[in-house]
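Some notes on the structure that comes next.
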Amino acid sequence: MILCLLALGAVAGFWLWVALATVQRATFRQVLKSNDSTPAGELPAVTVIVPARNEAEMLPTTIPSLCRQDHPAVAVIVVDDQSDDSSAEVLQRLTSEFPNLIVVHGIDRPVGWLGKNWAVQQGFERARTDWILFTDADCVFHPAALRVGQELMIRQGLDVLSLCPRPTFGHFSEAIGVSGLMTALTMIIPIKKANDPRYPDVALAAGAFILVRRAAYERIGGHAAVRAHMTEDLAIGRRFKAAGEKIQLCLAGDLITTRMYEGFADMWEGLSKNAFAGMDFKEWKFWGLMAGGLLGTFLVPFYLLGAIIWLIRLPSFYSAAALILSSVAFAAMSIAHSRSTRWLRLPWWHALLMPLSAGLYLLIAANSYLQYHLRGGNVWKGRRYDPKLLRSATDQSATSR
């Protein structure tokens with residue numbers, strides 16, 4: 001009985017810390033918005049590099065938002081990563097409308113490269129400017145996004161600026177999956193620590209917006225250094241910080257939006273692709289996530305329900321203590337999760353659904369783990385990736401850090 005209460009107290013204490021800790025609360029205050037513009041003189045030319053595979057539905061919206069940036073000198077290079085939908089035809093039509101758009105038709109990737117990373121590399125080889133923006137083909141940009149980001153970099157002397165876009169949703173399952181992932185990610189990698197050079201092992205970059213000075217990018221080896229990384233944005237953020245480059249991460253406010261996944265099946269595949277990779281393919285991280293996510297998050301409402309039934313049937317000090325601790329755990333967890341749901345502009349009651357998000361992500365993580373070990377590798381956009389290649393790249397990266 002005492003051990004159960006101690007375990008319940010540990011869960012409650014953990015969520016209280018997440019809800020109240022300054023470093024956790026600071027994450028959603030690191031926001032860059034369109035009205036944060038501060039003129040920094042004449043802005044240098046920027047090349048935007050966009051890898052695109054099977055994004056025909058999104059390209060007519062996203063690419064014009066890049067080509068129409070409120071910036072004096074922007075070239076947009078879209079690399080069609082051997083799409084098997086109508087992306088090539090869509091891009092051909094867009095080139096006739098936007099003179100600053102260049103389309104590169106991707107060639108077969110060399111051994112040791114993943115598809116997206118190779119597409120980015122092909123785009124970079126065509127870039128001629130000292131400033132490069134890497135982004136994704138599903139991101140819609142506010143006209144001021146590039147200008148505001150570059151002004152901030154110049155003002156603060158940054159080498160790298162990464163902005164996390166605001167996701168949008170078309171289906172309930174997308175909101176459940178992405179909101180829970182955001183809460184978990186900001187717990188593991190708080191933005192305040194990611195921006196602090198005193199924490200060299202806490203680093204993150206968001207692939208939707210990575211604005212870099214060419215010299216800094218070349219110093220860390222560019223995407224060639226993370227050629228076989230499934231979560232290449234996380235890996236390249238780590239390399240920038242480990243190399244001592246001045247990097248800053250912010251939430252994008254109204255500057256960038258993205259619908260990351262289109263429905264449950266797309267989300268299941270996309271998150272399965274990243275889940276085990278995000279754990280560096282480490283067994284102890286996977287089993288730790290499964291145990292912690294199950295006992296510390298998913299089961300919390302069941303603890304509360306059990307404590308209520310226990311107190312009704314057998315009132316005692318222990319049953320009352322169990323009710324208090326489980327109530328504190330559920331309330332603190334909901335407060336912590338509410339930061340993500342408010343940021344995502346979801347209805348208030350989504351703050352109560354963190355256990356549901358955790359349960360879904362545990363299933364996705366288990367699927368990612370099984371794909372890696374038993375099904376020949378993780379899958380994304382019709383490609384299956386060799387587990388040995390992914391593991392080797394991750395191990396080499398860990399060694400170099």
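Consider SER173 carefully, then state whether it is closer than 30 Å to LEU362 by Cα, in a strand (DSSP E or B) and of a type outside the set (A, V, I, L, M, F, W, C). Against the criterion (closer than 30 Å to LEU362 by Cα, in a strand (DSSP E or B) and of a type outside the set (A, V, I, L, M, F, W, C)), SER173 does not qualify.
So for the range 262-280 (the condition being under 17 Å from ASN117 (Cβ atoms), among the aliphatic types (A, V, I, L, M) and modelled with pLDDT under 95), does at least one residue qualify? Yes, that holds for at least one residue. Of the helices (runs of 4 or more DSSP H) lying entirely inside the range 1-80, the ones with 1 or more residues being modelled with pLDDT of 95 or more are found at 2-20, 59-67.
Evaluation of VAL74 against the conditions (1) out of contact with any Ser or Thr (no Cβ under 9 Å at 6 or more places or on another chain); (2) crowded, with 19+ Cβ neighbours inside 10 Å; (3) more than 22 Å from GLY115 (Cβ to Cβ) shows that the sole unmet condition is (1).
Take the residues in the range 186-205 that are touching a residue at least 12 places away in the same chain (Cβ under 8 Å) and assigned to a helix (DSSP H, G or I); name whichever of them is farthest from THR258 (Cα to Cα). Residue satisfying both the conditions and the ranking: LYS193. When THR186 is tested against (1) within 12 Å of the chain's Cα centre (by Cα); (2) under 16 Å from VAL160 (Cβ atoms); (3) at pLDDT below 95, exactly one condition is not met: (2).
Go through the residues of the range 86-106 one by one and say whether even a single one is of a type outside the set (A, V, I, L, M, F, W, C), assigned to a strand (DSSP E or B) and touching a Ser or Thr at 6+ places or on another chain (Cβ under 6 Å). Looking through the range 86-106, none of the residues is of a type outside the set (A, V, I, L, M, F, W, C), assigned to a strand (DSSP E or B) and touching a Ser or Thr at 6+ places or on another chain (Cβ under 6 Å). The condition (being in contact with a His (Cβ under 8 Å, 6 or more places away or on another chain), assigned to a helix (DSSP H, G or I) and either touching a residue at least 60 places away in the same chain (Cβ under 8 Å) or not assigned by TED's automatic domain parsing to the domain that holds LEU295 (or both)) is satisfied by just one residue among LEU353, LEU360: LEU353.
Is the range 328-345 home to any residue that is in a loop (DSSP other than H, G, I, E, B), outside the structural domain of TRP118 (by TED's automatic domain parsing) and either over 30 Å from ILE2 (Cα atoms) or aromatic (Phe, Trp, Tyr) (or both)? Within the range 328-345, one or more residues are in a loop (DSSP other than H, G, I, E, B), outside the structural domain of TRP118 (by TED's automatic domain parsing) and either over 30 Å from ILE2 (Cα atoms) or aromatic (Phe, Trp, Tyr) (or both). ASP84 falls short on exactly one of the conditions (1) at pLDDT below 95; (2) surrounded by 13 or more Cβ atoms within 10 Å (Cβ to Cβ); (3) on the phi < 0 side of the Ramachandran plot, and that condition is (2). Scanning the range 299-309 for residues that are aromatic (Phe, Trp, Tyr) and either modelled with pLDDT under 95 or in a loop (DSSP other than H, G, I, E, B) (or both) yields a total of 0. The residue that is farthest from MET260 (Cα to Cα), counting only those in the range 45-71 that are surrounded by fewer than 16 Cβ atoms within 10 Å (Cβ to Cβ) and not aliphatic (A, V, I, L, M), is ASP70. ARG391 meets the conditions (1) within 19 Å of the chain's Cα centre (by Cα); (2) at pLDDT below 75 in every case but one. The failed one is (1). Among the residues making up the range 140-168, a single one is crowded, with 22+ Cβ neighbours inside 10 Å and of a type in the set (S, T, N, Q): SER162.
A search for C-beta distances below 7 Å between a residue of the range 216-238 that is in the same structural domain as PRO387 (by TED's automatic domain parsing) and any residue that is modelled with pLDDT under 95 and buried (at least 23 other Cβ atoms within 10 Å of the Cβ), counting only pairs 6+ apart in sequence or on different chains, returns nothing. The residue pairs whose first member lies in the range 129-157 and is under 26 Å from SER87 (Cβ atoms), whose second member is in a helix (DSSP H, G or I) and hydrophobic (A, V, I, L, M, F, W, C), and whose beta carbons are closer than 6 Å, counting only pairs six or more residues apart or on different chains, are PHE141/LEU66.
Annotation note: Cβ proximity below 9 Å between a residue of the range 281-307 that is touching a residue at least 60 places away in the same chain (Cβ under 8 Å) and under 16 Å from TYR372 (Cβ atoms) and a residue that is part of a helix (DSSP H, G or I) and of a type in the set (Asp, Glu) (sequence gap 6+ or interchain) occurs for PHE281/ASP395.
The values are calculated or read from the model by the stated rules, or taken from the named source; none is laboratory data. This one's a predicted model, so the numbers in the text were calculated from it and none came from an experiment. Heads up, the Cβs are rebuilt from the backbone with ideal geometry, glycines too, and the neighbour counts pull from every protein chain shown.
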